[in-house]
Amino acid sequence: MSANNSVRIIAVFEAAKGTLVILTGFGALSLIHQDVQQFAAQLVHHLHLNPAKHYPQIFIDAAAHLTDTRLLTLATLAATYGLVRLVEAYGLWKARRWAEWFAAASAGIYIPFEIYEIFKGDTWLSAGALAINVLVVASMVNVLYCAHKNGADAA
């Protein structure tokens, strides 16, 4: 696979992440002025989870503490994060050097946390995230190295 194709795949992946986070933010906005705890309880029931178990109970308790201000803050943070990911995706798609640097750095920053989670015992999800981020960092470093080696101008 060529470096250009791998960058395009990463651009699509980042665009998908950004879009998903923005949609999640809209979901948080839709819960303003709603009984979030009741919504959480219905979701746990709909997923056929036992609300008396540890994790469903944590979810329901957390929902009980969500105020409209916190939901608005979460939605704002989601919109900001999603927008950053969409700008990164655009930059990668257009082969902008700044986006390649940003992609390498933003994927690399999560690696120590994912390694920590693996050692803590949360393996399969953390291992998958680690593998994806290592692949993104390696791809971006390769693209940046090749551009430097070929003397490409900063875009």
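What the table shows:
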read-out: Karplus 3J(HN,Hα) series, Hz, for the range 43-57 with 6.51 cos²θ - 1.76 cosθ + 1.60 (x for Gly, Pro); value: 5, 4, 5, 4, 7, 6, 9, 7, x, 7, 6, 4, 5, x, 5
read-out: ³J(HN,Hα) computed for each position of the range 22-38 - Karplus, 6.51 cos²θ - 1.76 cosθ + 1.60, integer Hz, glycine/proline x; value: 5, 4, 5, x, 5, x, 5, 4, 5, 8, 5, 6, 10, 7, 5, 5, 5
read-out: Between the range 30-56 and the range 2-18, the alpha-carbon center distance in angstrom; value: 35
read-out: Spin-label proximity, LEU29 to the range 55-90 - amide N less than 16 Å from point 7 Å beyond Cα toward beta carbon; value: 68-84
read-out: Of (i) 37; (ii) 47; (iii) 23, the label for percent of Cα pairs over 25 Å apart derived from the coordinates; value: (ii)
read-out: About the Cα centre, charge dipole magnitude for the chain (Lys/Arg +1, Asp/Glu -1 at Cβ), debye; value: 400
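Each reported figure results from applying straightforward, stated rules to the coordinates on display, with no laboratory input. The structure displayed is predicted, hence computed values, not measured ones. Virtual Cβ from ideal backbone geometry, glycine too; neighbours counted across all protein chains shown.
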